[in-house]
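The values are calculated or read from the model by the stated rules, or taken from the named source; none is laboratory data. Predicted model, so just to flag it, every value in this text is computed and none were measured. Ideal geometry is used to build each Cβ from the backbone, glycine not excepted, and the neighbour counts take in all protein chains shown. Just the protein is used for accessible areas: all its heavy atoms, side chains included, with ligands, DNA and RNA removed. Shrake-Rupley method; radii C 1.70, N 1.55, O 1.52, S 1.80 Å.
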Amino acid sequence: MYLGVDEAGKGPALGPMAAAAVIADPTSLPADVDDSKRIAPARREEMATALRDDPAVAVGVARVEPTEIDRPDTDMNTLTVRGQARAVRDALADRPAETAEPVRVVADAGDTSEERFAERLVRFVEGDDADESVGDGISLPAVDVTAAHGADGDDPVVGAASVVAKTVRDAAMADIDAAYPDYDDLGSGYPSDPATRSFLAAYVGDHETLPDCARTSWSTCEDALAAAEQSALDEF
């Protein structure tokens, strides 16, 4: 039994990034657990629900909202470590009794250097730059972290975390979509999605500002504002 951790939604222009950590025996996981991108949405939801309902499994989640992503004093590598650390602390706070210590952690590396990402994740989980409110007041065990690129497809427990993170991100996007009933489908939130770009253009055209769900520092969002300003100048 060990912990796997991953995140979903690093690149979108809309909505939060979600991180999830799962503590489980890999032999107890479904045979089709994998990188969430290779699993159908309905199956992801079914798998995530089963993981949350299993008393022998601990699940921790965290969200990094657009306002935090847009802060000028941070970057996506740091935000990825911070989000994963929050999810790890959340899972460790409710870990199964038979979890060995120190807890072995396998992370999907969110940095070009796997070793650097692993070192930073240990520091953040132990409190350096971590959100102390997650697991605050609870004695957390030491962790032994290994980070690897592509771990969500190579390691079943990291794959399980990938599935949970993706369902959290999808649920957040569904809530965001429902918050803008006057607009058509917001799409996936990714810059390459025509529906997302159309929503941003329409919203900025109507309100002369970006929606609260937007990552305002993303070039896609900056481009939508610039295009609206240029259109207004052309009309003038």
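A few notes on this one:
- Rounded percent of accessible protein surface that carbon and sulfur make up, the chain, 1.4 Å probe: 48
- At q = 0.20, 0.22 Å⁻¹, base-10 log of I(q)/I(0) for region 36-151 (Debye sum, equal scatterers on each alpha carbon): -1.23, -1.36
- Residue (of Phe199, Ala165, Val145) at the positive-pole extreme of the chain, dipole from beta-carbon charges: Val145
- Protection proxy ranking, peptides 165-171, 216-222, 90-96, average beta carbon neighbours within 10 Å, highest first: 165-171, 90-96, 216-222
- Solvent-accessible area per residue for region 54-113 (1.4 angstrom probe, square angstrom): 41
- D_trans [Stokes-Einstein, Kirkwood Rh over alpha-carbon pairs] for the chain, 20 °C, 1.002 mPa s, µm² s⁻¹: 116
- Only helices enter the 222 nm calculation for the chain: every DSSP H run of n ≥ 4 contributes -39,500 (n - 2.57), and dividing by all residues gives -14000 deg cm²/dmol, rounded to 500.
- Solvent exposure of region 182-235, expressed per residue, is 60 Å² of accessible area, with all protein chains present and a 1.4 angstrom probe.
- Considering only Ala56, Ala8, Pro41, and ranking their Cα positions along the charge dipole of the chain that arises from unit charges at the beta-carbon of Lys, Arg, Asp and Glu, the one farthest toward the positive end is Ala56.
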